[in-house]
Amino acid sequence: MELIHTVAWMKQVAAEARQSDRPLGLVPTMGALHEGHLSLVREAKKQCSPVVVSIFVNPKQFGPSEDFQKYPRTIEADRAALENLGVDYVFAPPAEEIYPPGFRTSVTVEGLSDPLEGRSRPGHFRGVTTVVLKLFEIVQPRFAFFGRKDAQQARIIRQMAADLDLGAEIAVCPIVREPDGLALSSRNAYLSASDRRAATALSRSLDALRREISAGDRDVVHLLATMRQIIETEPGVSLDYAEIVDADTLEPVMALRKTCYALLAARVGSTRLIDNALIEPAGESVNVTV
Ligand code: AMP
């Protein structure tokens, strides 16, 4: 496994690697890797060779009062985990490589970036799409792997890849969870013992949604009330939003007719967590994947 720190070297290595018979796969991350990230890498390894994993804590996707400074950085452990999985290249540039002095350009996917996470974190998705576009230009992957944990992000990146003819196919992988249901996140490291217990309110809320839907409830207003109630009654947890939206447009739905997401964001102590369930109508029944 080769560890690469500069854009020029990454471009050169990727250009050579694209000559391989198999497609090049990219897994963008901010490091502090956990099983969620590693599941993307395993999927990439199945479909692609070589596999490039980027590790970059992107300052542009953090708001001024967010956790950029304290975001966990565990490069040595990350490196060992990726080596173990047979990753070919790790691209871990310093911030000045990606944003040299005078950097002025950004890319925005209009509309899809505004609601939900976009409303709570102004500028967040502009930061995400700008860095992902740069990574795609540098590495030029045939496939790029993202987690459904960040469902809105994956939807926005798929739109950007299509709109800008980036030639990368976007694979969206399932959410990896702790045994008690909490979605794995690098930010779970911030949770105190009592926060950690309270944090299961998010996945419990989605489990309740799944149970209600499988019992035949199709009333979106009622389903949302059930979800909200579970979060709002958990001490130490404050709900940011709970929405059921069309998976394509990310607009709120009044009925479960097309594929949708139930999306949640909540603050647990001082840690902001997100989670979601995928809702897929199939004839008379509706499948819910948490
Ligand atoms: P991050 O390092 O938080 O930017 O995440 C990098 C990628 O890992 C993103 O595509 C995330 O959606 C994905 N990811 C993060 N947590 C999980 C999880 N629990 N399960 C699956 N994918 C995840």
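The values are calculated or read from the model by the stated rules, or taken from the named source; none is laboratory data. In this text, all values refer to a predicted model and were calculated from it rather than measured experimentally. Backbone-built Cβ (ideal geometry, glycine too); neighbour counts: all protein chains shown. To get the accessible areas, we keep the full protein, side chains included, count just its heavy atoms, and leave off ligands, DNA and RNA. Shrake-Rupley method; radii C 1.70, N 1.55, O 1.52, S 1.80 Å.
Send over the per residue convex hull volume for the chain, Cα only, as a whole number of Å³.
Working: hull volume 39.0 nm³, N = 290.
Cα convex hull per residue, to the nearest whole number: 135 Å³.
Kindly sort Met160, Met254 by accessible area of their heavy atoms, largest first, with the probe set to 1.4 Å.
Working: Met160 5, Met254 145 Å².
Largest accessible area first, the list is Met254, Met160.
Give me the percent of accessible area attributable to carbon and sulfur for the chain, probe 1.4 angstrom.
Working: 6620 of 13420 Å².
Within the chain, the accessible surface is 49 percent carbon and sulfur.
So which of Lys46/Lys149; Lys45/Lys70; Lys60/Lys258; Lys11/Lys70; Lys46/Lys258 end up more than 22 Å apart by C-alpha? Display every interim value, and only then the final one.
On the way: Lys46/Lys149 20 Å; Lys45/Lys70 31 Å; Lys60/Lys258 34 Å; Lys11/Lys70 30 Å; Lys46/Lys258 30 Å.
Cα-Cα > 22 Å for Lys45/Lys70; Lys60/Lys258; Lys11/Lys70; Lys46/Lys258; rest within.
Skip the ligands, DNA and RNA, and give the accessible area per residue of region 34-91 with a 1.4 Å probe, whole Å².
Working: 2740 Å² over 58 residues.
Ligands and nucleic acids excluded, the result is 47 Å² per residue.
In deg cm²/dmol, rounded to 500, what helix-only [θ] at 222 nm does the chain give when every DSSP H run of at least 4 residues adds -39500 (n - 2.57) and the total is split over its residues?
Calculated mean residue ellipticity at 222 nm is -11000 deg cm²/dmol.
Which three numbers, in whole Å and largest first, are the semi-axes of the equivalent ellipsoid of region 245-290 derived from its Cα gyration tensor as √(5λ)? Before the final figure, lay out each step's value.
On the way: eigenvalues 121, 27, 9 Å².
Each semi-axis is √(5λ); the values are 25, 12, 7 Å.
Note down the relative contact order for the chain as a percent, whole number, built from C-alpha pairs under 8 angstrom at least six residues apart. Provide the component values of the computation, followed by the final result.
Working: 525 pairs, mean separation 46.2, N = 290.
Relative contact order of the chain: 16 percent.
Taking a probe of 1.4 Å, how large is the accessible area per residue of region 135-290, in Å²?
Details: 6880 Å² over 156 residues.
Result: 44 Å² of accessible area for each residue.
Counting Lys +1, Arg +1, Asp -1, Glu -1, what net charge surrounds Arg197 among other residues with beta carbon under 14 Å of its beta carbon? Write out the running numbers ahead of the final one.
On the way: positive: Arg196, Arg204; negative: Glu178, Asp180, Asp195, Glu234.
Counting the neighbours of Arg197, the net charge comes to -2.
Hey, what does the equivalent ellipsoid look like for region 1-157, semi-axes from the Cα gyration tensor as sqrt of 5 times each eigenvalue, largest first, whole Å? All intermediate terms of the calculation are to be shown ahead of the outcome.
On the way: eigenvalues 120, 57, 54 Å².
That gives 24, 17, 16 Å for the three semi-axes.
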